[in-house]
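The values are calculated or read from the model by the stated rules, or taken from the named source; none is laboratory data. Predicted, not measured: the structure shown is a model, and the values here were computed from it. Counting neighbours? That spans all protein chains shown, and the Cβs are built from the backbone with ideal geometry, glycine included. Protein only, heavy atoms only, side chains kept; ligands, DNA and RNA dropped before computing areas. Shrake-Rupley method; radii C 1.70, N 1.55, O 1.52, S 1.80 Å.
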Amino acid sequence: MAAAEPSVAALAGGGVGAGAPSGGVPVLFCFSVFARPASVPHGAGYDVLIQKFLSLYGDQLDMHRKFVVQLFAEEWGQYVDLPKGFAVSERCKLRLVPLQIQLTTLGNLTPPSTVFFCCDMQERFRPAIKYFGDIISVGQRLLQGARILGIPVIITEQYPKGLGSTVQEIDLTGVKLVLPKTKFSMVLPEVEAALAEIPGVRSVVLFGVETHVCIQQTALELVGRGIEVHIVADATSSRSMMDRMFALERLARTGIIVTTSEAVLLQLVADKDHPKFKEIQNLIKASAPESGLLSKV
């Protein structure tokens, strides 16, 4: 990880500008939910790549934090730390990842900067997941709220060929994406591309199953990309309440916000004079189920 040692500030004094010379090697530069194509000279190394990231994303970077540059490795199907002495010789995809997670977050939610993630609410999980009926009910309420407020929704299904589709109670009307996956995290290439198409995304509201597996891994990956994550405690569960409890505790310690469905929906409208307040109020007139999840948060 020698390539991660300099801070961005240490390399901010000059170098490659936004317009690389024509005829260079094409590179896709990714940061957070963004992906921007550019070109660099053949043989460009770490310092040049950092300068290019700065030219593309400088106004969004904390200049005094440390970052690692990662290369997408086709043989592994995921990003790996940039090899020591790496020089660009062919078309490639790079991303800049902060090494430190900011633990203090305000947790503000606004509809234009928020996306809802619904994770693996599938039929085969029904008999195994504790209080599954309750989290289906709350999840459906959240999706209704998303439709009212115009918030994009991304849904995944874990190996649907074997585990079935999303339960019928979950209304998929207006959902932006429904994707199959085998990876536990929801952060798939298609999801990253969808997020990059939504301007100004800062927050993801995340719910589904299982808390200690797919929810946890999704949340950690999103935070690593600079996205603020709100996990809806009354809409997420596991087969084991111990797994669920310790996952939520761990995630809260990393700065991820553990919240409730009603808190999320009211935070998104923010004002009784909001034009959609009455519709949201109708959704929450009946309180969310106070199931056995309550004592296991």
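Taking every protein chain into account, the accessible area of the chain amounts to 47 square angstrom per residue (probe 1.4 Å). Its Cα gyration tensor gives the chain an equivalent ellipsoid; the semi-axes, largest first and in whole Å, are 38, 20, 18. Beta-bridge orientation, segment 109-282: approximately 5 percent antiparallel, per DSSP, counting only bridges with both partners inside. Largest mean-square fluctuation among F184, F246, F207, in a Gaussian network model of the chain whose springs join Cα atoms under 10 Å apart, belongs to F246. Note on S113 and Q60: the model spin-label points, each 7 Å out from Cα along the C-beta direction, lie 1.3 nm apart. Considering only E228, E74, E210, the Gaussian network model of the chain with Cα springs below 10 Å gives its largest mean-square fluctuation to E74.
Simple point charges give the picture: +1 on the Cβ of Lys and Arg, -1 on the Cβ of Asp and Glu, and for the chain a dipole about the Cα centre of about 80 debye.
Computed over the alpha carbons of segment 23-96, Rg followed by Dmax gives 11.7, 33 Å. Over every Cα atom in segment 109-282, the radius of gyration and the widest Cα-Cα span, Dmax, amount to 14.9, 47 Å.
Axis angle, to the nearest 10 degrees, between helix 46-57 and the longest C-alpha principal axis of the chain: 50 degrees. Principal-axis analysis of the Cα atoms of the chain puts helix 241-253 at an angle of about 50° to the longest axis.
Highest mobility in the GNM of the chain, judged by mean-square fluctuation with C-alpha springs under 10 Å and restricted to L28, L94, L109, is found for L28.
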